1. Give the cross-link partners of LYS137 among the lysines, using a straight C-alpha distance below 29 Å as the criterion and excluding same-chain residues fewer than 8 apart.
2. Charges on Cβ only, +1 for Lys and Arg, -1 for Asp and Glu, centred on the Cα centroid of the range 73-299; of LEU237, VAL83, PRO196, which one is farthest towards the dipole's positive end?
3. Just order 232-239, 190-197 by mean Cβ neighbour count inside 10 Å, highest at the front, would you?
4. Helices from the chain with mean Kyte-Doolittle at least -0.5 and a Cα length along the axis of 15 Å or more, per DSSP H: which?
5. Please report, to two decimal places, log10 I(q)/I(0) for the range 97-147 at q = 0.19 Å⁻¹ as given by the Debye formula with identical point scatterers on the Cα atoms and no solvent.
6. Mind giving me the nanometre distance, one decimal, between the label points for ARG256 and HIS97, set 7 Å out from Cα along Cα→Cβ?
7. For MET275, project a label point 7 Å along Cα to C-beta. Then give me every residue of the range 149-188 with its amide nitrogen under 14 Å of that point.
8. Full-extension gain between GLU299 and HIS243, please, as 0.36 nm times their residue separation minus the C-alpha to C-alpha distance.
Amino acid sequence: MRVDLVLLRHLGHEPQMSRARIQRWIESGRVTINGHPVPRVAWRVAAGDRLCVDMHDVRRREVPRGEPVPLDVIYEDAHLLAVNKPAGLVVHPSYRHDTGTLLNGLLHRAAHWPSGDSPALLTRLDKMTSGLLLVAKRAEVVAALQRDMRAQRIEKDYLALVHGLPSPARGTITLALDRDPWDRRRVTVTDRGGQPAVTRYQRLATSPAAADDDAGRDTQRVSLMQCRLVTGRMHQLRVHLSHKGWPIVGDPTYGRADTPGRGRQALHAWRLSLMHPVTREGLTLEAPLPDDLQRLLVEHHIAWPPDRHADQTTVRPEPA
């Protein structure tokens, strides 16, 4: 494999890391192979080669601190809480967003918890995705919830407004996913390796029919979908739906290039169903559909909550 791709695989998690930056390091002599400067960016690495990189200008992340970030807490007890994250709020500090994140707000709130309790995020959302996030307060609660996740005892349902008319109206998408080797910020469907990813979906409602294009495709129709994550891979819903030909409205990365941006992808983490990690009683949490997505549904003449008879589907997907 090319040396720049090898380094990207190992250093892709570092702040501001990109393939172009690694190539500049190679060209400037900051990368050595077996003690000698790498001759060119396309140099092939062999088994047993030793790579060294001068990374003195890579900024290291600081330990997050508590900040008074407003939080919409849907549920809280002595063991866990659930937060309704608005679109635009970053979940975890990163190089470009090292303050003002949801975790900073949780750390501020945790200052009033018993000694030893600290927030641990059980789920993640993209910056421009809204909805429910589950947070544990203690290590034993984290372990219990992670066991339930692995056993698929936690149901995570999303609402997505997509282009087109998904058919069949209900089904399962099983497509392995992997990081894009050319852009580590993106995810692609792969038929070689990757991580298995499964999404169950159903179509809840569809906008009225519009005029077809020259190829007979209804280019203006949109559909409201309910999607359940059986696995929880990075960008899973966005990539799965786009690959099937139903990209999420407003998605700047995996959406349609001919659609004007609306500020964010129309994706909302709507509902979590789980067994409480301590009491083992059933717990179902819902985050109300935000105003911007409700306005988008009105614009496309889709009712919320959807009419049970508007589409030939039931409201709840098949159980995990």
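1. List returned: LYS85, LYS127, LYS156.
2. Final value for the positive-end residue is PRO196.
3. Details: 232-239: 21.0, 190-197: 12.6.
Packing order, densest peptide first, comes out as 232-239, 190-197.
4. On the way: long enough: 139-150 (17 Å, 0.00).
Span-like helices in the chain: 139-150.
5. -0.71
6. Going by the 7 Å Cα→Cβ label model, 2.7 nm.
7. 149-155
8. Values: separation 56, 0.36 × 56 = 20.16 nm, distance 2.54 nm.
Gain on extension, GLU299 to HIS243, equals 17.6 nm.
Coordinate-derived values only; no laboratory data. Note that the coordinates shown come from a computational prediction; the quantities given were computed from them, not determined experimentally. Ideal geometry is used to build each Cβ from the backbone, glycine not excepted, and the neighbour counts take in all protein chains shown.
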